[in-house]
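Asks: Below you will find the structure I want to go over with you.
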Amino acid sequence: MGAPPRPPGVVLVGFMGSGKSAVGRELAARLDLPFVDTDELIVAAAGPIERIFAARGEGGFRALEAETVLREVKGLGDSPKVLALGGGAVLAEEVRAALRRLGRVVWLAAPADVLWGRVNDAGGPARPLAQDREAFGALLAAREPLYREVATLTVQAIEGDPAGVASRIVRLLGGDAGDDPIGPGPREGAA
Ligand code: S3P
């Protein structure tokens with residue numbers, strides 16, 4: 001008998017504060033896959049995100065982000081992993097097309113107030129686009145259709161620790177999709 005098939009990779013998308021990195025690490029441990037956060041790759045290559053925004057503008061950051069994300073998403077076929085994308089990665093049509101082709105894209109969804117509370121918790125990275133509550137809410141509303149467009153599974157990341165959210169993702173990815181006992185909001189499950 002040969003080696004068992006390797007589990008395919010999973011991509012996590014969602015707005016700032018949705019817990020992509022924390023949930024991603026837990027999910028990777030459960031699936032026995034490496035975890036990669038594309039924001040961390042960008043920081044390693046080009047320095048802190050707020051400095052990239054200051055030096056090159058948002059457009060400069062987005063170009064770097066799209067290049068990094070496309071490379072990582074394309075690499076998933078040969079090297080499965082759990083990949084967490086920055087909240088704005090879905091702005092690039094080319095990234096969305098690559099994600100639609102890939103499948104296994106999980107959207108960690110949560111309401112604006114929950115997300116705003118999390119990004120303002122001490123200790124997180126500085127986020128240039130999380131300076132004003134009203135603009136933050138408007139940005140979330142504009143992004144939601146993009147997350148919906150690429151997601152094959154939507155999970156409410158409202159309550160529960162990252163380990164609990166990761167366990168639910170494993171269960172839902174396994175096809176045992178039922179109603180989510182956690183939190184209000186749209187029913188979870190495959191798109
Ligand atoms: C951004 C989200 C951030 C980071 C940058 C821009 C966005 O990543 O890429 O500050 O446009 O939503 P997280 O979603 O990991 O916070």
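The values are calculated or read from the model by the stated rules, or taken from the named source; none is laboratory data. No experiment lies behind these values; they were computed from the predicted model shown. Note that each Cβ is placed from the backbone with ideal geometry, even for glycine, and that neighbours are counted across all protein chains shown.
Asks: Can you tell me which condition Gly103 does not meet? The list is (1) under 25 Å from Glu40 (Cβ atoms); (2) at pLDDT 95 or above; (3) not hydroxyl-bearing (Ser, Thr, Tyr), and all the others hold.
Replies: Just one mismatch for Gly103, condition (2).
Asks: Could you give every pair whose Cβ atoms fall below 7 Å, whose first residue belongs to region 46-67 and is over 13 Å from Leu129 (Cβ atoms) and at pLDDT 95 or above, and whose second residue is part of a helix (DSSP H, G or I) and charged (D, E, K, R), counting only separations of at least 6 or pairs across chains?
Replies: Ala66/Glu94
Asks: Determine whether region 21-40 contains at least one residue that is of a type in the set (S, T, N, Q), touching a residue at least 60 places away in the same chain (Cβ under 8 Å) and assigned to a helix (DSSP H, G or I).
Replies: Yes, region 21-40 contains at least one residue that is of a type in the set (S, T, N, Q), touching a residue at least 60 places away in the same chain (Cβ under 8 Å) and assigned to a helix (DSSP H, G or I).
Asks: Tell me, please, whether a residue that is touching a Pro at 6+ places or on another chain (Cβ under 8 Å), within 26 Å of Glu93 (Cβ to Cβ) and in a strand (DSSP E or B) can be found in region 140-153.
Replies: So the first thing to find is which residues in region 140-153 are touching a Pro at 6+ places or on another chain (Cβ under 8 Å), and the list is none.
No, because not a single residue in region 140-153 is touching a Pro at 6+ places or on another chain (Cβ under 8 Å), within 26 Å of Glu93 (Cβ to Cβ) and in a strand (DSSP E or B).
Asks: Do any residues in region 113-134 that are modelled with pLDDT of 90 or more and within 12 Å of the ligand (Cβ to nearest atom) have Cβ atoms under 7 Å from those of residues that are among the hydroxyl-bearing types (Ser, Thr, Tyr) and assigned to a loop (DSSP other than H, G, I, E, B), where the two are at least six apart or on different chains, and which pairs are they?
Replies: Final answer for the pair search is Leu115/Ser18.
Asks: Still on this structure, please answer the following. For Gly164, work out the one condition from (1) part of a helix (DSSP H, G or I); (2) within 12 Å of the ligand (Cβ to nearest atom) it doesn't fulfil.
Replies: Checking Gly164 against (1) part of a helix (DSSP H, G or I); (2) within 12 Å of the ligand (Cβ to nearest atom), the one that fails is (2).
Asks: OK, next. Can you find, within region 1-20, the residue that is modelled with the highest pLDDT among those that are closer than 22 Å to Gly77 by Cβ and in a loop (DSSP other than H, G, I, E, B)?
Replies: This residue is Gly9.
Asks: Out of all the residues in region 49-67, is one or more within 10 Å of the ligand (Cβ to nearest atom), in a strand (DSSP E or B) and more than 14 Å from Leu108 (Cα to Cα)?
Replies: Within region 49-67 (the criterion being within 10 Å of the ligand (Cβ to nearest atom), in a strand (DSSP E or B) and more than 14 Å from Leu108 (Cα to Cα)), the answer is no, since none of the residues qualifies.
Asks: Please specify each residue of region 68-96 satisfying the condition of being within 12 Å of the ligand (Cβ to nearest atom), touching a strand residue (DSSP E or B) at 6+ places or on another chain (Cβ under 9 Å) and assigned to a helix (DSSP H, G or I).
Replies: Those that are within 12 Å of the ligand (Cβ to nearest atom), touching a strand residue (DSSP E or B) at 6+ places or on another chain (Cβ under 9 Å) and assigned to a helix (DSSP H, G or I): Val69, Ala89, Val90.
Asks: Shifting gears a bit: Looking at region 172-186, is at least one residue over 27 Å from Ile52 (Cα atoms), at pLDDT 95 or above and not small (Gly, Ala, Ser)?
Replies: No, there is no match, as no residue in region 172-186 is over 27 Å from Ile52 (Cα atoms), at pLDDT 95 or above and not small (Gly, Ala, Ser).
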